[in-house]
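All remarks here apply to the structure that follows.
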Amino acid sequence: MDTILYCLARAVIAVLQTLPLRMVARIGRAGGAVAYRLDRRHRRVALDNLHLCFAGEKSPEEIRAIARENFRRLGENYCSAVKTAGLSDDEIRKIVEVAGIEKLYPPNAGPPLPGRLLVIGHFGNFELYARCSLFTPGYQFATTYRALRQPALNRLLQTLRERSGCLFFERRTDAEALKTALTQDSLMLGLLADQHAGNKGLRLPFFGCDCSTSAAPAVLALRYHRPIFPAICYRTSPGRWRVEVADEIPTQENGRHRSPEAIMRDVNRAFETAIRRDPANWFWVHKRWKPGKWRRDTRPEAASAEAR
C-alpha cells in the first residue's frame, strides 16, 4: 500500500509541476469544493470551530460560506505548494511579496546578524515561509517538522522542501541538532504555533476560549535570547501571496523576562487578528479547541520535548 501511495504521489507531483501556477490553483480549488461535500468529518470540525469563534458575529449562512471557501483554499494551497516547491528563486519573487522585513534587522547590525525567531501558523501557502530567505539576505532560515508515518512519502516531501535551502529539523529526533543551531548567529527559526499542543501545553485563550497552546516559541526565545516576531502568509489572489512580519512581541518587561504564558498570549492575539482579517485563510479543519486538563509546565526541558 505504501508503494502505491508513493507512486501516486510522485505522479501527482509530476503533473502539477508541469502546469501553470494559476491552473494548479484552480484545480486545487475544485478539489477543495469536492472535499467539502464528501469529507463530512472535517467539514463538521471546520463548522464547529467557526461557530465557536464567530457565532456572535456572523450568521449561520456566513459561517457556512467561510467553511466552503476554506476548503477551496486548502485545496488551492496544497496543490500550489507542490508547484511552488519546484519554482526558481526568480519565479518565487514574481508571486510572493514580503512586508515588514526591516523589523528583523537591528539598526547598524552587520554580519554576523543576530538570530531571530518567527512564530508562524497554517495560513495560506505556509510552505512559502521557507522561501522567505530570498527576501532576508544574511539570514539562514530553519524550521521544524513532524515526519510522516510512511518513510518513502516523507522522503519525497522533504526532497521538495529542501530545494528551498531552508534547514529542517524533525521534532522528535533532531532536538540536539536544533539546540546547536540555535547557538549560532544569523539563524531565522520559524516555529508553527497555531495547533493543539497536547496535555503539556499552556492553557490560554484563543478567540475567548481556552485551548492548549505550545510554549516552545516563548521558551526557546527566552533561553537563546531571540527576539520573536509573528509572520503571516496571506493569499492575495490565485497563485499570489504576501507574507507580513508583524511587530516584535516583547520578551522583556521592566528589565525582567516575561512569562511564557504572557508571550504566547500575545502570539494568540496576533493570530486572532490575522484570522479576522481573512477567516478563510486559516486551517479550520484542525481540532484546535479540545476538552481536557493541561499542566502548566514551562520548564526549558519541557519546551524542548514539545519542540521534538
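For the stretch 163-216, the set of residues classified as of a type in the set (Ser, Thr, Tyr), closer than 28 Å to Ser88 by Cα and either out of contact with any Pro (no Cβ under 9 Å at 6 or more places or on another chain) or crowded, with 19+ Cβ neighbours inside 10 Å (or both) consists of Ser164 only. Given the options Thr143, Thr159, name the one that is modelled with pLDDT of 95 or more and either of a type in the set (S, T, N, Q) or more than 28 Å from Arg242 (Cβ to Cβ) (or both). After applying the criteria, what remains is Thr143. Each residue in the stretch 244-258 was checked for being over 17 Å from Pro106 (Cβ atoms), surrounded by fewer than 12 Cβ atoms within 10 Å (Cβ to Cβ) and either in contact with a Leu (Cβ under 8 Å, 6 or more places away or on another chain) or in contact (Cβ under 8 Å) with a residue 24 or more places away in the chain (or both), and 0 of them qualify. What number goes with the only condition from (1) in contact with a strand residue (DSSP E or B) (Cβ under 8 Å, 6 or more places away or on another chain); (2) modelled with pLDDT under 95; (3) on the phi < 0 side of the Ramachandran plot that Gly198 does not pass? Result: Gly198 fails condition (3) only. Taking the numbered list (1) over 21 Å from Arg161 (Cβ atoms); (2) open to solvent by less than 30 Å² (accessible area, probe 1.4 Å); (3) polar (S, T, N, Q) in turn, Thr84 passes all entries but (1). When each of Leu192, Leu167, Leu128, Leu157 is tested for being closer than 25 Å to Asn77 by Cβ and either of a type in the set (D, E, K, R) or without any contact (Cβ under 8 Å) to a residue 24 or more places away in the chain (or both), the lone residue that passes is Leu157.
Can we say Ala142 is under 24 Å from Ala85 (Cα atoms) and of a type outside the set (Phe, Trp, Tyr)?
Numbers: under 24 Å from Ala85 (Cα atoms): yes; of a type outside the set (Phe, Trp, Tyr): yes.
Spelling it out, Ala142 is indeed under 24 Å from Ala85 (Cα atoms) and of a type outside the set (Phe, Trp, Tyr).
Would you mind stating whether Asn70 is open to solvent by less than 40 Å² (accessible area, probe 1.4 Å) and touching a Gly at 6+ places or on another chain (Cβ under 7 Å)? Outline the logic, then answer.
Values: open to solvent by less than 40 Å² (accessible area, probe 1.4 Å): yes; touching a Gly at 6+ places or on another chain (Cβ under 7 Å): no.
So Asn70 fails the test.
Within the stretch 204-224, does at least one residue satisfy the condition of being more than 30 Å from Asp2 (Cα to Cα), outside any loop (DSSP other than H, G, I, E, B), polar (S, T, N, Q) and within 17 Å of the chain's Cα centre (by Cα)? Before the answer, list the steps.
So in the stretch 204-224, the residues more than 30 Å from Asp2 (Cα to Cα) come out as 204-224.
Within this subset, residues satisfying the condition of being outside any loop (DSSP other than H, G, I, E, B) are 204-206, 209-213, 216-223.
From what's left, polar (S, T, N, Q): 212-213.
Subsequent filtering for residues that are within 17 Å of the chain's Cα centre (by Cα) retains 212-213.
Yes, the conditions are met somewhere in the stretch 204-224.
Condition check for Val24 on (1) open to solvent by less than 40 Å² (accessible area, probe 1.4 Å); (2) free of Cβ contacts under 8 Å to residues at least 12 places away in the same chain: one failure, at (2). Checked against (1) among the basic types (Lys, Arg); (2) over 24 Å from Thr159 (Cβ atoms); (3) assigned to a helix (DSSP H, G or I), Lys58 passes all but condition (3).
Only residues that are open to solvent by 40 Å² or more (accessible area, probe 1.4 Å) and under 28 Å from Phe206 (Cβ atoms) were counted in the stretch 98-135, giving 3. Leu187 meets the stated requirement of being touching a residue at least 60 places away in the same chain (Cβ under 8 Å) and touching a Leu at 6+ places or on another chain (Cβ under 9 Å). Could you pull out the residue among Arg269, Arg288, Arg265 that is at pLDDT 95 or above, among the basic types (Lys, Arg), closer than 28 Å to Arg242 by Cβ and part of a loop (DSSP other than H, G, I, E, B)? Arg288 is the lone residue from the list that is at pLDDT 95 or above, among the basic types (Lys, Arg), closer than 28 Å to Arg242 by Cβ and part of a loop (DSSP other than H, G, I, E, B). Residues in the stretch 224-243 that are open to solvent by 40 Å² or more (accessible area, probe 1.4 Å) and in contact with a Cys (Cβ under 8 Å, 6 or more places away or on another chain): 1 in all.
The values are calculated or read from the model by the stated rules, or taken from the named source; none is laboratory data. Bear in mind that the values here come from a model prediction, so they are computed numbers and not experimental data. Glycine also receives a Cβ, built like all others from the backbone with ideal geometry; neighbour counts cover every protein chain displayed. Heads up: the accessible areas ignore ligands, DNA and RNA and are worked out on the full protein's heavy atoms, side chains in. Shrake-Rupley method; radii C 1.70, N 1.55, O 1.52, S 1.80 Å.
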